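Single-structure report; data block below.
The values are calculated or read from the model by the stated rules, or taken from the named source; none is laboratory data. All figures in this text were calculated on a predicted structure; none of them were measured in a lab. Cβ sites come from the backbone with ideal geometry, for glycine too, and all protein chains shown count toward neighbours.
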Amino acid sequence: MGLKPGRLYGLMHGGRGLLLDQTGRLSVAGWADRVDHVVEVSEDLDVSAVLQRPVGHLAWAGDGQQDLLGALPRWFGTAPAEPSVGAVLVGGWCDAGTLTRAGRRAGPASWASHLARPAH
């Protein structure tokens, strides 16, 4: 593909998926831990966007977010579920794996480690 010389290889070298997006309208939200999103125009690319697997094989080509959302879980697994803030607040404690409304982690390291601590 006609990206800047050597750039495609460099982008694929990390062993992650790659969305090459010529429109800037697509998103890999939910899969950003597994898929890189690059917005760049290439005269060699005949479609608006392509999703490449880490080995370089084409997983999807198109231009619609809904179609992309069908391909992402097929090749890169399901997106992590959004944490539920209200469901984890019990007795004033909040599990450290859950974000507070302010976007900060709160509470003990985990419920299991909290319960496993010896009493002082």
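Which residues, taken from the stretch 26-54, are within 23 Å of Pro80 (Cα to Cα), surrounded by fewer than 18 Cβ atoms within 10 Å (Cβ to Cβ) and of a type in the set (Val, Ile, Thr)?
Listed by number, the list holds a single entry, Val38.
Restricting attention to the stretch 35-81, report how many residues are under 11 Å from Gln22 (Cβ atoms), in contact with a Ser or Thr (Cβ under 8 Å, 6 or more places away or on another chain) and either small (Gly, Ala, Ser) or not assigned by TED's automatic domain parsing to the domain that holds Leu19 (or both).
Summing the residues that are under 11 Å from Gln22 (Cβ atoms), in contact with a Ser or Thr (Cβ under 8 Å, 6 or more places away or on another chain) and either small (Gly, Ala, Ser) or not assigned by TED's automatic domain parsing to the domain that holds Leu19 (or both) in the stretch 35-81 gives 2.
Evaluate the following for Leu3: is it at pLDDT below 80 and touching a helix residue (DSSP H, G or I) at 6+ places or on another chain (Cβ under 9 Å)?
yes
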